[in-house]
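Every number here is computed from the coordinates shown, using simple stated rules; none is lab data. Nothing here was measured: the structure is a model prediction, and the numbers come from that model. Using ideal geometry, Cβ is built from the backbone for each residue, glycine included, and neighbour counts are taken over all protein chains shown.
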Amino acid sequence: MNNFVSMKTIKANEIIKLLEQTDAFANGQSFDLSSRKKRFIANLFYEPSTRTKMSFEVAEKKLGLEVLDFHAERSSVLKGESVYDTAKTFASIGAEALVIRHPINNQVQQLAEALDLPVINAGDGAGEHPTQSLLDLYTMYQEFGAIKGLNVLIVGDILHSRVARSNAYALKALGANVYLAAKPEWKDQSLDFPYVDLDQAIEQCDVVMLLRIQLERHQQSKDIKASAYLTQYGLTVKREQRMKKEAIIMHPAPINRGVEIDDKLVECQRSRIFKQMENGVYARMAVIHQLLNKGESRHGNDYQTMFAYAH
Ligand code: NCD
């Protein structure tokens, strides 16, 4: 693995390897990538972010890396510098890997092909968000002990969601059953997964994954009535009561409380929303470790790998 840009193209065994390493970090393994010399990584975010950016930064610092923080709105981007030239600049001054979020679909993948250092996709437009997917898979694994055979219902703004896309590809690769539910105009027909009726599917799924409405990516009709959306397509208390006893609720956040999910459910016993955020640090550590651990010495406890994800 030279880059981490897409869950569509990565092989299932690579995902499993990353999940094993995520589990090792979640169970307290430590690792210092900079034990002999200072090593730098740069976070290039061209779109707003709280969780993804901060959890990458925590992950990088836990691995002993020096973090080069970049603010597009205070950089030479304002002088017209391209994302490619910005990325080359960070590589030239010593960054060994780049974490990139960009509003244009496929931009990060193109950069990864053009550059000769590891690139991690932190979200490209309505394209993919593979580290979000990795942390989501790990959260499901923690809950159920396996991914294969799980029934996962992804609900909401599928068409504009990079989270839905990466998760659908990765879950399929690991043998889960993926079902989608969306307003007709938010269905992405290029995704080869069945669309189902939310009220029928709610009783059968193990995971209900809600998506934020991606207003910033909508061409028209920004006028969505919160309470009407919640009643028709959101997770209401009534729907939650019909979920299977052990089923869990997920959401990548930021959450629109009272729109995609009833406010009362955000921190309910079934919700794993804040657990997902915690796991984001371990998942991102695993990805960076995989890309940058070429011959550095290991510190901390040894970890016995596990292998049950796909079985
Ligand atoms: C998601 C994103 O930015 O794609 N958030 C995140 O990374 N946790 C989902 C979203 O913004 O709706």
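The figures follow:
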| item | result |
| --- | --- |
| The chain, helix-only ellipticity at 222 nm - DSSP H runs n ≥ 4, -39,500 (n - 2.57), divided by all residues, nearest 500 | -10500 deg cm²/dmol |
| Check: the stretch 1-72 dipole with +1 on Lys, Arg Cβ and -1 on Asp, Glu Cβ, in debye | 180 debye |
| Shape category assigned to the chain from the gyration tensor of Cα positions, a/c cut at 1.5 | oblate |
| Reachable lysines from LYS62, criterion Cα separation under 17 angstrom, eight or more residues apart if same chain | LYS37, LYS38, LYS53 |
| Share antiparallel - DSSP beta bridges, the stretch 105-238, percent rounded to 5 | 0 percent |
| Cβ-based charge dipole, the chain, positive-most Cα from LEU68, GLY28, GLN109 | GLY28 |
| DSSP loop GluC sites (Glu not before Pro) with at most 15 other Cβ within 10 Å excluded, longest remaining stretch of the chain | 82-202 |
| Relative contact order (%) - criterion: Cα under 8 Å, at least six apart; region: the stretch 1-118 | 33 percent |
| Hull shadow area, averaged, the stretch 94-198 [alpha-carbon convex hull, nm²] | 7.7 nm² |
| Set of aspartates and glutamates near LYS238 by C-alpha distance (under 18 Å), chain-local residues within fewer than 8 positions excluded | ASP197, ASP199, GLU203, ASP206, GLU246, GLU260, ASP262, ASP263, GLU267 |
| In the stretch 1-80, the trypsin sites (Lys or Arg not before Pro) that fall in loop regions by DSSP, at most 13 other Cβ within 10 Å | LYS11, ARG36, LYS37, LYS38 |
| Binned Cα-Cα distances of the stretch 100-152, short to long, each 10 Å bin given as a whole percent | 25, 37, 24, 14 |
| Taking the chain and dividing mean pair separation by its residue count, relative contact order in percent (alpha carbons under 8 Å, at least six apart) | 25 percent |
| Net charge dipole size for the stretch 41-105 [Lys, Arg +1 and Asp, Glu -1 on Cβ; Debye, nearest 20] | 140 debye |
| All lysines inside 18 Å of LYS225 as judged from Cα atoms, apart from same-chain residues fewer than 8 positions distant | LYS183 |
| Other-chain or far-sequence residues with amide H under 5 Å of PHE45's (modelled H) | PHE70, ALA72, ARG101 |
| Charge dipole magnitude, Cβ of K and R +1, D and E -1 - the chain, Cα centre, debye nearest 20 | 220 debye |
| 5 angstrom amide H check on PHE4, placed H, neighbours 5+ away | VAL119, ILE120, ASN121 |
